[in-house]
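Okay, structure first, notes after.
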Amino acid sequence: MKKGLVQIYTGNGKGKTTAALGLALRAAGAGLSVYVMQFLKSAAYSEMKTLKKLKKITAVQCGRGCLIKRKAKKIDFSLAAAGLMKARKIIMSGEYDVVILDEVNVALNLGLINSADITEIITRKPRGVELVLTGRYCPKSILKRADLITEMREVKHPYRKGLKARPGIEY
């Protein structure tokens with residue numbers, strides 16, 4: 001690509017990761033190379049099973065699971081830092097056309113990584129790399145640097161009626 005942009009998918013609604021992975025599929029279909037780094041995640045999510053089968057997409061996780069019901073521990077900080085270091089190398093290498101940092105905004109919100117590091121990555125990324133940041137709670141300092149921002153807003157969700165997450169739909 002001649003000019004890669006910075007995209008952000010944020011908000012409290014469902015679909016941020018889904019939108020980013022749809023972009024990954026589209027990019028791979030166009031012959032672009034894609035790298036997906038999932039922060040905070042470690043489970044065998046359905047999307048990871050599929051992504052690992054696609055030649056133009058590399059997908060990795062750097063977490064140990066959801067932090068909604070538990071407090072972050074030292075290992076969570078270490079995993080996020082290692083993931084960020086790897087993501088920085090991947091982005092700066094210019095080897096990939098599209099880099100998706102899934103749930104990076106949540107990692108920022110939890111203080112697992114520093115927004116100054118993300119700002120530095122955005123500022124220094126090679127011109128031809130499209131960078132996609134997902135997750136709730138994107139800091140304003142990062143939003144200011146984006147070329148595209150999509151905010152997912154929850155209007156109605158089956159979770160509110162007690163429906164559990166379903167494989168193939170929510171994970």
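Against the definition (at pLDDT 95 or above and of a type in the set (Lys, Arg)), how does Lys69 come out, yes or no? No.
Would you mention how many residues in the range 30-46 are in contact (Cβ under 8 Å) with a residue 24 or more places away in the chain and over 24 Å from Leu110 (Cα atoms)? Total meeting the criteria: 5. Scanning the range 60-94 for residues that are within 18 Å of Met48 (Cβ to Cβ) and not in a helix (DSSP H, G or I) gives Val60, Gln61, Cys62, Gly63, Arg64, Gly65, Cys66.
Among the residues of the range 1-40 satisfying the criterion of being closer than 13 Å to Val129 by Cα and over 14 Å from the mean Cα position of the chain (by Cα), which is surrounded by the fewest Cβ atoms within 10 Å (Cβ to Cβ)? Out of the qualifying residues, it is Lys2.
Counting only strands (runs of 3 or more DSSP E) that fall entirely inside the range 95-154 and contain at least 2 residues that are under 15 Å from the mean Cα position of the chain (by Cα), in contact (Cβ under 8 Å) with a residue 40 or more places away in the chain and on the phi > 0 side of the Ramachandran plot, no element qualifies.
Within the range 73-90, the only residue that satisfies the criterion of being buried (at least 16 other Cβ atoms within 10 Å of the Cβ) and more than 16 Å from the chain's Cα centre (by Cα) is Asp76. Tallying residues that are hydrophobic (A, V, I, L, M, F, W, C) and modelled with pLDDT under 95 within the range 1-33 yields 1.
Would you be able to tell me the number of residues in the range 7-46 that are within 25 Å of Phe77 (Cβ to Cβ) and outside any loop (DSSP other than H, G, I, E, B)? Walk me through how you get there before you give the answer.
Within the range 7-46, the subset within 25 Å of Phe77 (Cβ to Cβ) is 8-10, 12, 16-17, 20, 35-45.
Imposing the further condition that a residue be outside any loop (DSSP other than H, G, I, E, B) reduces the set to 8-10, 16-17, 20, 35-39.
Qualifying residue count for the region: 11.
The values are calculated or read from the model by the stated rules, or taken from the named source; none is laboratory data. What you see is a predicted model, and the numbers here were worked out from it, not measured in a lab. Neighbour counts are summed over all protein chains in view; Cβ atoms, including those assigned to glycine, are modelled from backbone coordinates with ideal geometry.
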